[in-house]
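Everything on this sheet refers to the single structure shown next.
Every number here is computed from the coordinates shown, using simple stated rules; none is lab data. Keep in mind it's a predicted model, so treat the numbers as computed, not measured. Cβ: placed from backbone, ideal geometry, glycine included. Neighbour counts: every protein chain shown.
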Amino acid sequence: MKLYNTLTRTRDEFVTHEPGKVKMYTCGPTVYHFAHIGNLRSYIMEDVLEKSLEYVGYEVDRCMNITDVGHLSSDADTGEDKMLKGAKREKKTVMEIAQFYTNAFFDDCKKLNIRIPGKVVPATSCIPEFIEMVSKLLEKGYAYEAGGNIYFDTSKLSEYYVFNKHDAEDLETGVREGVEEDSNKRNKIDFVLWFTKSKFEDQELKWDSPWGVGYPGWHIECSAISTKYLGEYLDIHCGGIDNAFPHHTNEIAQSEAYLGHKWCSNWFHVLHLNTSGGKMSKSKGEFLTVSLLESKGYDPMVYRLFCLQSHYRKALVFSYEALDNTTVTYEKLLGRIAALSKDEMPLDEEAAAKLRASFKEALENDINTSLAITALYDVLKAKTNDFTKRTLIGEFDKVLSLSLLEMADEYAAKKQEESAAPAEVNEADAEILALVAERVEARKAKNFKRADEIRDMLAAMNITVEDTPNGPKIIRK
Ligand code: AMP
Ligand code: ZN
């Protein structure tokens, strides 16, 4: 399997530390608000990655954190604590906010057929592990105390910028404008491991530590949680592209300094979902959620398909027009699947082997989901029996997770209901309405001959007219 690796900037052959087994880590959501559909694009594509790894034969052990403490407005340790911001906004406690939005995130995952990773770990459940990691970093000389906080000393590393060739100048522009410089830092790019002297006097969640009462930095949580739950060697680490710097860069710095060896060999980053106005962001307040799409009549599966139609390494622009087009694509696909016979037949092994191979090849080609969907259409077009087609669709959908067989049944039932029920005439059907009106006038004028003629003309158009006390009721047969 070939996967693009942000670390080497090439498509590498995927190799795991232990043959056949994958240790996979995913940066989880910061639960101070609903996830927007941009966040969910990342989780959909990571879900496809996990299921693709399984499809090609790996056993995947996956862990995801829930960020319920320590993530500040700016990823560079400045600004307000996001959780505290959420709690103030809703006049609730931080833990109430965390619980509510963690559940909301899981609900969104369910709607989008995103499998919840086997291990889900809230940051607040691992405070002793964070303290242990920070203590060891201090002991090894990679960290220092200044102004009451503990910082990671980036000057101790031979290479800090592992993903991009940033330099300190780039970083200055990376840090939000108007944010004050932290004068405690020895180097501009050092980052906080543990806050004690916080400028947030009202910080709700604080824990005792060897350095005083305080709370962890955001980056340390992923290093400590992944080491605790997945061990010292990680095979693949994922997140949205904005996480590459500084979050993942800092995770690598801490983890490798702590462990004393290389930590994670493959980095999988999903590019952003943007709107025509630019990047989608929770902090902007107004943003698109799955529930909002549902309220506008879109099926969450349509959004999933919209994501799968493009490659995870390309930025994707969201528009309702694009989603409308995807709705048509999805319904047509369901219609074609619904038309397949459900009769049991012998599996056409030869055809199945070829079709499976092209689906697998698409996944092995850096999770090329649009090619995988082409492979799905190839199944529908193939010269083989319907049983083989349905079997393969079911198999492919273990990865694509578009609920194809279930939704095709639902789609077929809906269509049948629609055709069985006499549909009322569309008011825009001007010709029919004009004839009905003429018939009313003819009846009033006791011109029953003309009235009957019109009735026959309507009948020829599959329209019947029922005379009710409220006037004529038009029914399409
Ligand atoms: P957060 O809840 O802010 O910690 O982000 C959760 C995940 O969503 C992270 O992996 C981010 O990198 C990712 N993410 C944030 N914004 C976007 C976006 N517009 N498109 C895709 N992924 C995003
Ligand atoms: Zn993380």
Note to self, the chain gives a 222 nm [θ] from helices alone (DSSP H runs n ≥ 4, -39500 (n - 2.57) apiece, / all residues, nearest 500) of -14000 deg cm²/dmol
At q = 0.06 Å⁻¹, what log₁₀ I(q)/I(0) does a Debye calculation on the Cα points of the chain give, no solvent, two decimals? -0.38
Final fewest-first order of Trp194, Trp267 on the 10 Å Cβ neighbour count is Trp267, Trp194
Here FRET efficiency (C-beta to C-beta, Gln416 to Trp207, R₀ 56 Å, nearest 0.05) is 0.40
Label-to-label distance, nm, for residues given as Met461 and Ser281 (7 Å Cα→Cβ offset): 5.6 nm
Listed residue pairs exceeding 21 Å between alpha carbons, taken from Lys110/Lys206; Lys21/Lys360; Lys92/Lys206; Lys21/Lys51; Lys23/Lys228: Lys110/Lys206
At what distance in nm do the modelled label points of Ser155 and Asp409 sit from each other, each positioned 7 Å from its Cα along Cα→Cβ? 6.7 nm
Considering every Cα-Cα pair within the stretch 346-401, what fraction, in whole percent, is farther apart than 18 Å? 22 percent
Excluding same-chain residues fewer than 8 positions from Lys449, which lysines have a Cα within less than 28 Å of its Cα? Lys473, Lys477
For Glu139 and Ser291 in one chain, what is 0.36 nm times their gap in residues minus the Cα-Cα distance, to one decimal in nm? 49.9 nm
Semi-axes of the equivalent ellipsoid of the stretch 285-405: what are they in whole Å, largest first, if each equals the square root of 5 times a C-alpha gyration tensor eigenvalue? 29, 17, 10
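Please express the shape of the stretch 376-424 as an equivalent ellipsoid: the semi-axes are the square roots of 5 times the eigenvalues of the C-alpha gyration tensor, given largest first in whole angstrom.
27, 13, 8
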For His248, His36, His261, His17, what ranking results if the residue with the fewest other Cβ atoms within 10 Å of its Cβ goes first? His261, His17, His36, His248
Using 0.36 nm per residue of separation minus the Cα-Cα distance, give me the extension gain between Lys383 and Asp12 in nm, one decimal. 130.0 nm
Mean 1/r over all different Cα pairs, inverted: what Kirkwood radius does the stretch 357-477 give, in Å? 18.7 Å
Hey, fewest Cβ within 10 Å first, where do Ile150, Ile337 land in order? Ile337, Ile150
